[in-house]
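The values are calculated or read from the model by the stated rules, or taken from the named source; none is laboratory data. On a predicted model such as this, the values are computed, not experimentally measured, just so you know. Heads up, the Cβs are rebuilt from the backbone with ideal geometry, glycines too, and the neighbour counts pull from every protein chain shown.
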Amino acid sequence: MHFKYLALASLVILYSLMFIGGYLQASGQGLSCPKWPLCPSGILPSAEYLTEWIHRFIAATTGVLIVATAIGSWKVTGSNTKIRITGTLAGILAVSQIALGAIVIDTQLHAVIVAIHNGVGILLFAMTLLTTLFAFRLARSPTIQTKV
């Protein structure tokens, strides 16, 4: 069953994204790349935009993985209401986070928008964690295991 590994990969990359985002915020580099979605140097960043570019690249990858996990939560054999709810909420929150990230840049790091972005990030992490835990519980379910 590969769904549990997709959910786990989503969780790990999301944690990495949050770590890098925290670093950007703490180091004052939040507006080092003042345009969204690309930096002024284009698709490949110059040295001054590298950290912000990495954050945006990982955010895009995370978004794809979490939306794939959300879709998978509905398609996996034996899924229940809990995993569908947490997976769907994670997918919705991931798309919301990407939009909020763009708004954060457009509003030049307005404190309220940054706080909302951070709060939604915590909710996203919680839903992704729950989806992963439910996925590993599904994998142990006797109705899903293959007969040897």
*From LEU31, LEU8, LEU38, LEU44, which residue is at pLDDT 85 or above and out of contact with any strand residue (DSSP E or B) (no Cβ under 9 Å at 6 or more places or on another chain)?*
LEU8
*Would you mind telling me which numbered condition in (1) outside any helix (DSSP H, G or I); (2) farther than 15 Å from GLN25 by Cβ ALA60 fails?*
(1)
*Tell me, which residue of the range 33-60 that is closer than 21 Å to SER10 by Cβ and of a type in the set (Gly, Ala, Ser) is farthest from the chain's Cα centre (by Cα)?*
ALA60
*Picking from ALA99, ALA115, ALA68, ALA135, which residue would you name as being within 17 Å of LEU8 (Cα to Cα), part of a helix (DSSP H, G or I) and out of contact with any Phe, Trp or Tyr (no Cβ under 9 Å at 6 or more places or on another chain)?*
ALA68
*Restrict the check to the range 98-107 and report whether at least one residue is charged (D, E, K, R) and within 19 Å of TYR5 (Cα to Cα).*
no
*asked:* For VAL120, only one of the following conditions fails: (1) touching a Lys or Arg at 6+ places or on another chain (Cβ under 9 Å); (2) modelled with pLDDT of 95 or more. What is its number?
replied: (1)
*Determine whether TRP36 is surrounded by 14 or more Cβ atoms within 10 Å (Cβ to Cβ) and out of contact with any helix residue (DSSP H, G or I) (no Cβ under 8 Å at 6 or more places or on another chain).*
no
